[in-house]
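S.K.: Could you have a look at this structure, given as structure tokens, before my questions?
The values are calculated or read from the model by the stated rules, or taken from the named source; none is laboratory data. All figures in this text were calculated on a predicted structure; none of them were measured in a lab. No Cβ is skipped: glycine too gets one built from the backbone with ideal geometry, and neighbour counts run over all protein chains shown.
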Amino acid sequence: MNKAPIARQQARGFTMVELIVTLLIVAALAATAVPVLTGGIGMRDQAWRDGALSALRHARNIATSHRRVVCASFNGNAITLTMAKRNPATACDAPLASPDGKAVFASSNNSEATTAVTLVSGSAFAGTFHFQPDSRITTDFAGTATGQWRVVLTGADDIAIDGVTGHVR
């Protein structure tokens, strides 16, 4: 009697060697991709610092060139600028648009970024810097409360503000 050979079924799936090689490739890609991705977050935080610094310097320049008080308000992770319509004035009542025409001059796209203004010396910060026409920076509209402050940003260098000289760095 002739017996017919038994047909062998093909195994489905991957071999152990194929799975291990795939995991090694994924691990190597992850090891190189993670630093690149976190570097992008650092660049985003540095861009927020540069935008904030630019907004504060722009406020100072507008205040001295227009001879008007310019107010820079920190609203979370955004800076908006407003300007007094006349001099002397009691309020910053005219919005000052950014160069791209938006109301917010600078903002952070990092939802985890924090911004805090700490007092180095002088008057406490109340949420708005007032850039005076004589280039001083104060925390009151009358221009009497000067000081030195440090804007602390997550993931970026601090911004130092000297209210007496009007220097922002």
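S.K.: Within region 119-137, how many residues turn out to be surrounded by 14 or more Cβ atoms within 10 Å (Cβ to Cβ) and at pLDDT 85 or above?
M.R.: 9
S.K.: Going by what's in this entry, would Ser73 be described as under 20 Å from the mean Cα position of the chain (by Cα) and at pLDDT 90 or above?
M.R.: yes
S.K.: Quick one: is Arg67 within 12 Å of Ser135 (Cβ to Cβ) and within 16 Å of the chain's Cα centre (by Cα)?
M.R.: For Arg67, the condition - within 12 Å of Ser135 (Cβ to Cβ) and within 16 Å of the chain's Cα centre (by Cα) - is not met.
S.K.: Here's another thing I want to ask about it. Mind checking which pairs have a first residue in region 142-165 that is over 29 Å from Pro88 (Cα atoms) and free of Cβ contacts under 8 Å to residues at least 12 places away in the same chain and a second that is hydrophobic (A, V, I, L, M, F, W, C) and not in a loop (DSSP other than H, G, I, E, B), Cβ under 7 Å, 6 or more apart or different chains?
M.R.: Sorted first by the residue in region 142-165, then by its partner, the pairs are Asp158/Val151; Asp158/Val152.
S.K.: Could I ask something else about it? Within region 86-105, which residues are among the acidic types (Asp, Glu) and under 21 Å from Gly51 (Cβ atoms)?
M.R.: Scanning region 86-105 gives a single hit, Asp100.
S.K.: Based on this model, can you work out whether Ser54 counts as modelled with pLDDT of 90 or more, closer than 30 Å to Ser135 by Cα and within 15 Å of the chain's Cα centre (by Cα)?
M.R.: Considered against the rule, which asks whether it is modelled with pLDDT of 90 or more, closer than 30 Å to Ser135 by Cα and within 15 Å of the chain's Cα centre (by Cα), Ser54 comes out as yes.
S.K.: Out of Ala72, Ala59, report the one residue that is assigned to a helix (DSSP H, G or I) and of a type in the set (A, V, I, L, M).
M.R.: After ruling out the rest, the residue left standing is Ala59.
S.K.: A follow-up question, please. Can you spot a residue in region 144-158 that is modelled with pLDDT of 85 or more, β-branched (Val, Ile, Thr) and in contact with a helix residue (DSSP H, G or I) (Cβ under 7 Å, 6 or more places away or on another chain)?
M.R.: Taking every residue of region 144-158 in turn, at least one turns out to be modelled with pLDDT of 85 or more, β-branched (Val, Ile, Thr) and in contact with a helix residue (DSSP H, G or I) (Cβ under 7 Å, 6 or more places away or on another chain).
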